[in-house]
1. Among the residues of the stretch 9-17, is there at least one that is in contact with an Asp or Glu (Cβ under 8 Å, 6 or more places away or on another chain) and either surrounded by fewer than 18 Cβ atoms within 10 Å (Cβ to Cβ) or without any contact (Cβ under 8 Å) to a residue 12 or more places away in the chain (or both)?
2. Quick test of your reading of the structure: residue 150 fulfils all but one of (1) in contact (Cβ under 8 Å) with a residue 40 or more places away in the chain; (2) more than 22 Å from residue 183 (Cα to Cα); (3) aromatic (Phe, Trp, Tyr). Name the failing condition by number.
3. Mind checking which residues of the stretch 134-146 are among the polar types (S, T, N, Q) and either exposed (fewer than 12 other Cβ atoms within 10 Å of the Cβ) or at pLDDT 80 or above (or both)?
4. Using beta carbons and a limit of 9 Å, which pairs, at least six apart or on different chains, have the first residue in the stretch 202-223 and outside the structural domain of residue 151 (by TED's automatic domain parsing) and over 13 Å from residue 140 (Cα atoms) and the second one among the small types (Gly, Ala, Ser) and loosely packed, with under 10 Cβ neighbours inside 10 Å?
5. Check every one of the helices (runs of 4 or more DSSP H) wholly within the stretch 138-235 and list those with 1 or more residues that are of a type in the set (D, E, K, R) and under 31 Å from the mean Cα position of the chain (by Cα).
6. Filter the stretch 14-57 down to the residues that are under 17 Å from residue 68 (Cβ atoms), assigned to a loop (DSSP other than H, G, I, E, B) and either over 26 Å from the mean Cα position of the chain (by Cα) or of a type in the set (Asp, Glu) (or both) and list them by number.
7. Quick test for you: out of 74, 51, pick the one residue that is surrounded by 13 or more Cβ atoms within 10 Å (Cβ to Cβ) and modelled with pLDDT of 85 or more.
8. When only residues in the stretch 147-198 that are loosely packed, with under 15 Cβ neighbours inside 10 Å and β-branched (Val, Ile, Thr) count, which is modelled with the lowest pLDDT?
Amino acid sequence: MTTASPPTIELEVRLLLEAIYHRYQYDFRDYAMASLKRRLTQAVDRLGCRTVSGLQERVLHDPQAFPAVLQYLTIPVSDMFRDPIYFRSIREHVVPVLRTYPSLKIWVAGCSTGEEVYSLAILLQAAWAVVLTLSGTYGQLLDYVVFGDWIFFGLTVAGLFVYRRRDRGAPATGFRTPGYPFTPALFVFAAGYVVVSAIAANPRNAALGTLLIALGVPVYAYWARRARLARASHG
C-alpha cells in the first residue's frame, strides 16, 4: 500500500464508505475511524491495491471485490450467545425497559453471519412468551398458531404429489416416501380434519388465525419486491 498522509487516508476511507453505502446499501459510515483505517489497510494489501481509492475502484467495478472487503469490515467470528454476560444483562436490565414500548426496532451492528441477531431474537421471543403466559392470552394465541400450522403441514405434504407428477418418468433419486400415495394422502386428510375441526370448534379463533396468516402476505410482497429491485440495480 502506498503511504499517504492521515487526512488523505481518512478522506479516502469516507469516500469508500459512501460508495459502499450507495452501491450495496451497507452503512459503515459511523464506525470508528481508527478501526476502519486498520481494517481497510489490511484489505488494500490483501487485494493488491496501492491506495484506499484504488480499493474503491475495485469495489465499484468488480462484483467479486465487495464480499472480500466486507469480511474486513465486519466481525468474522460469531456464535450463538457468544457472550453470556452480555445477553444476561440484556435479559435482566434491558428487556424490562423494552416491555414499556408499543413496538421495537433493533439494529445489531457488526453481526457477521447473524448469530448475534438470532440469539437476540430468541431472547426477545422468550421474554414475550413469558408476558403472554402471565397475561393469560398464551392459550388463545396457541390456538391461532396450531390452526395455521396444520394448514401448512397439509400443504407441505400435498406438495409431494405436485413434485411426483412433475418428475414423472425421471430416475428415482433421494428419499422415497413409504406407502406413497396412501401415507401422504392420509396425512393431508388428517391435517384437513384438524383444520375443519378447529373452525367448527371456535370460528372466531380460526378467523383471527387466518387474519394473522394473511398479514404476512403484504410483508412478503414488500420484501420480495425489494429483493427484485436490488437484483435489478446490481445486475
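The values are calculated or read from the model by the stated rules, or taken from the named source; none is laboratory data. What you see is a predicted model; the values in this text were computed from it and never measured. Methodologically, a virtual Cβ is constructed for each residue, glycine included, from the backbone with ideal geometry; neighbour enumeration extends over all protein chains shown.
1. The answer is no, given that none of the residues of the stretch 9-17 is in contact with an Asp or Glu (Cβ under 8 Å, 6 or more places away or on another chain) and either surrounded by fewer than 18 Cβ atoms within 10 Å (Cβ to Cβ) or without any contact (Cβ under 8 Å) to a residue 12 or more places away in the chain (or both).
2. The failed condition is (2).
3. Residues satisfying the conditions are 135, 137.
4. Every condition considered, no pair remains.
5. By residue number, 138-166, 203-234.
6. Matches in the stretch 14-57: 47, 48, 49, 50, 51.
7. After ruling out the rest, the residue left standing is 51.
8. 173
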